[in-house]
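Reading through the structure tokens given below for one structure.
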Amino acid sequence: MGYGGGIYSGGVLTLTHSIVSHNDGRFGAGLFVPTGSGRQGVDSGHHLRHQPRRNQCGGLYANDAATTVAISNSIFTGNEAQNGGGLSHSNAALNVYDSSFTGNTATNGGGLLLEGRRRPCACRALRSAATQR
């Protein structure tokens, strides 16, 4: 079981009207953004759903201070993980717009797990919702 079961993105990524579903990976079962990736984007009608519980991070995992992840008009649902069911963010800049994180489960951070050494937290969420089951 490796990194990014559905997508391992080492460059600029834009997903439009996409579904990433039923993947398995140690970190970021749906999408993994590795160190040194630069700017990343998950955009416009993107769905990350039904990633299994065996991993550290369910839908999306990003951990690099030089990386910016921009998410808009997206749905993270039905993801399971030990940490960050829908999304796990550590150090990377994160912008979330018009998106929802619903029905995700995790030991820590069902919808989202936001942690890292950046102060203040480089996370912005506008017109978005996060719930867990």
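The values are calculated or read from the model by the stated rules, or taken from the named source; none is laboratory data. In this text the structure is predicted, and so the values were computed from the model without any measurement. Note that each Cβ is placed from the backbone with ideal geometry, even for glycine, and that neighbours are counted across all protein chains shown.
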Query raised in the report: What number of residues within the stretch 94-114 are within 12 Å of the chain's Cα centre (by Cα) and not in a loop (DSSP other than H, G, I, E, B)?
Result: 9
Query raised in the report: Can you pull out the residues in the stretch 63-79 that are in a strand (DSSP E or B), out of contact with any Phe, Trp or Tyr (no Cβ under 8 Å at 6 or more places or on another chain) and crowded, with 22+ Cβ neighbours inside 10 Å?
Result: V69
Report task. Sort out which residues of the stretch 1-30 are touching a His at 6+ places or on another chain (Cβ under 6 Å) and either aliphatic (A, V, I, L, M) or crowded, with 20+ Cβ neighbours inside 10 Å (or both), and write them in order of number. Result -> L15, I19
Report summary line: Over the stretch 54-91, the set of residues hydrophobic (A, V, I, L, M, F, W, C) and more than 24 Å from H17 (Cβ to Cβ) is A65, A66, A81
Query raised in the report: Out of (1) in contact with a His (Cβ under 8 Å, 6 or more places away or on another chain); (2) assigned to a loop (DSSP other than H, G, I, E, B); (3) modelled with pLDDT of 80 or more, the odd one out for Q51 is which?
Result: (3)
